[in-house]
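This report concerns only the one structure given below.
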Amino acid sequence: MVTINPRRTPLIAGNWKMNLDHLQAIAFVQKLAWSLKDANHDFTAVEVAVFPPFTDIRSVQTLISADKLPLAFGAQDVSAQESGAFTGEISAAFLAKLECQYVIIGHSERRTLHNETDEQVAAKVTAALGQNLVPLICVGETAADLELHGPSAVPVAQLRAALAGVSNAADIVVAYEPVWAIGSGKAATPEQAEQVAAQLRLVLQETLGQDVADKTRILYGGSVKSGNIAAYMREPNVDGALVGGASLDVTEFGNIVRYLKHVG
Ligand SMILES: O=C[C@H](O)COP(=O)(O)O
């Protein structure tokens, strides 16, 4: 039985990573919106967001705005800097100007492949909030971390660090993504996801207070598919999913969004 917390609208977020150019993005978003509309998806019951590459965002914004599509969108990363000589960087102000609602910060691929530190993640969170973007903060342990420290220690420490400069978080989203589950087909069990999500909610409570802890959505990410999403959504502290590979297939992503059809 799924009980939807009235303070936390479930969020299904598709992180396209470095896939789909701007023309493919337009076709994808149109098809996604049409297929969800055809299926009478209730966008007030489950929010849907896509995270295209930077070069697609203007096209996605224009389409969503012109056709008044009930989809949210965001970027996959942001600079901690406001402006200046930072070749290749994209500021939070630029993203806000493109009407992004969200920005993913601290994805494990950034932490691993670009050596992003907890301090840089925290600075990016502050930069995003400064432009009224909702930071979607990713945390998660590697297989080695899991063996060494157990399931919650690393994600909890990463979240604490990410919130270091946040005093008044109007709106944030947290994604628990065990690194060993990303793109591996070896998803965490719903119980594992719930265990860590509950610990992350405690961190939110301790650092930002009960109200923020109650209203903050905590997503699970890592090999989410239409066949396993419903089981995660039955867990009381899991409020949605950050989907990678499966978000690139319109039909599959649409079925993930429509998980309510498959839960008792
Ligand atoms: O941001 C999304 C995650 O990295 C999950 O990716 P995945 O669904 O391909 O495992």
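The values are calculated or read from the model by the stated rules, or taken from the named source; none is laboratory data. As the structure is a computational prediction, the values presented were derived from the model and not from experiment. Positions of Cβ are generated from backbone atoms using ideal geometry, with glycine treated the same way; all protein chains shown enter the neighbour counts.
Before moving on, here are some points about what is shown:
- Among the residues of segment 17-27, those that are within 16 Å of the ligand (Cβ to nearest atom) and more than 18 Å from residue 174 (Cα to Cα) comprise 18, 19, 20.
- Taking the numbered list (1) away from the ligand (no atom under 16 Å from the Cβ); (2) closer than 25 Å to residue 137 by Cα; (3) in contact (Cβ under 8 Å) with a residue 60 or more places away in the chain; (4) surrounded by fewer than 18 Cβ atoms within 10 Å (Cβ to Cβ) in turn, residue 46 passes all entries but (4).
- Every condition in (1) part of a helix (DSSP H, G or I); (2) surrounded by fewer than 19 Cβ atoms within 10 Å (Cβ to Cβ) holds for residue 7 except the one numbered (1).
- Out of 185, 227, 222, sole residue that is modelled with pLDDT of 95 or more and surrounded by fewer than 19 Cβ atoms within 10 Å (Cβ to Cβ): 227
- Of the helices (runs of 4 or more DSSP H) that lie entirely inside segment 60-134, those containing 2 or more residues that are under 19 Å from the mean Cα position of the chain (by Cα), farther than 18 Å from residue 244 by Cα and touching a residue at least 24 places away in the same chain (Cβ under 8 Å) span 92-97, 118-130.
- Among the residues of segment 195-220, those that are in contact with a helix residue (DSSP H, G or I) (Cβ under 8 Å, 6 or more places away or on another chain) and of a type outside the set (Ser, Thr, Tyr) comprise 196, 199, 200, 201, 202, 203, 204, 205, 212, 213, 218.
- Under the condition of being in a loop (DSSP other than H, G, I, E, B) and within 14 Å of the ligand (Cβ to nearest atom), the residues counted in segment 238-259 number 2.
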